[in-house]
Amino acid sequence: QVQLVESGGGLVQVGGSLRLTCAASGSNLAHYAMGWYRQAPGKEREEVAIITSGSTTRYSDSVKDRFTISRDNAKNTINLQMNSLKPEDTGVYYCIADSYRNYDGHPDYWGQGTQVTVSS
């Protein structure tokens, strides 16, 4: 019923920036925790950033101080601003949503993913 669609991925050079957007439909997600995961080739998906319904945020140590997650409840969207990109940031980025507002570690909904490639 809830659908998440990511956009904004692409190819950038080391040190560049990208802004990812996730648009939700099917339900108002103002009371959901939301966030981003990523998956590099041959590796498991890993949590990148989470934002709760109260706008509390947390980040993976690998992206802290470089990435910023935000949400716009009026538009039912979340964003991930990625700066100072490194080759290690390459992967497919997935938007997630969880009905537990503080996030229980088990996303209820996943987007299809958007590719981010950072050239060396």
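Of the numbered criteria (1) under 15 Å from T114 (Cβ atoms); (2) polar (S, T, N, Q); (3) free of Cβ contacts under 8 Å to residues at least 60 places away in the same chain, the one N79 fails is (3).
Does the stretch 18-61 hold any residues that are over 23 Å from N76 (Cα atoms), small (G, A, S) and touching a strand residue (DSSP E or B) at 6+ places or on another chain (Cβ under 8 Å), and which are they? Break it down into steps so the answer makes sense when it comes.
Quick first cut of the stretch 18-61, residues over 23 Å from N76 (Cα atoms) only: 39-46, 60-61.
Adding the requirement that they be small (G, A, S) leaves 40, 42, 60.
Of everything in the stretch 18-61, those that are over 23 Å from N76 (Cα atoms), small (G, A, S) and touching a strand residue (DSSP E or B) at 6+ places or on another chain (Cβ under 8 Å) turn out to be A40, S60.
Within the stretch 63-108, how many residues turn out to be assigned to a strand (DSSP E or B) and open to solvent by 50 Å² or more (accessible area, probe 1.4 Å)? It would help to see each step written out before you state the result.
Step one: list which residues in the stretch 63-108 are assigned to a strand (DSSP E or B), which gives 67-72, 77-82, 91-98.
Within this subset, residues satisfying the condition of being open to solvent by 50 Å² or more (accessible area, probe 1.4 Å) are 68, 72, 81.
Going through the stretch 63-108 one residue at a time, the tally reaches 3.
The single residue among R45, R19, R101 that is at pLDDT below 95, at negative phi and of a type in the set (D, E, K, R) turns out to be R101. Run S25 past the list (1) closer than 13 Å to V116 by Cβ; (2) more than 12 Å from the chain's Cα centre (by Cα); (3) open to solvent by 20 Å² or more (accessible area, probe 1.4 Å) and report the number of the one that doesn't hold. (1) is the only condition that S25 fails.
Of all residues in the stretch 37-61, those that are over 16 Å from T114 (Cα atoms) have Cβ atoms under 9 Å from Cβ atoms of residues that are among the hydroxyl-bearing types (S, T, Y) and assigned to a strand (DSSP E or B), 6 or more apart or on another chain, in I50/T57; I50/Y59; I51/T57; I51/S70; S55/S70; T57/T68; T57/S70; Y59/T68.
Filtered by the rule that a residue be under 17 Å from V2 (Cβ atoms), in contact with a Pro (Cβ under 9 Å, 6 or more places away or on another chain) and either at pLDDT below 95 or among the hydroxyl-bearing types (S, T, Y) (or both), the stretch 61-97 gives a lone residue, Y94.
The values are calculated or read from the model by the stated rules, or taken from the named source; none is laboratory data. The model shown is predicted, which means the values in this text are computed figures rather than measured ones. Methodologically, a virtual Cβ is constructed for each residue, glycine included, from the backbone with ideal geometry; neighbour enumeration extends over all protein chains shown. Side chains are part of the model used for accessible areas, which takes the heavy atoms of the whole protein and leaves out ligands, DNA and RNA. Shrake-Rupley method; radii C 1.70, N 1.55, O 1.52, S 1.80 Å.
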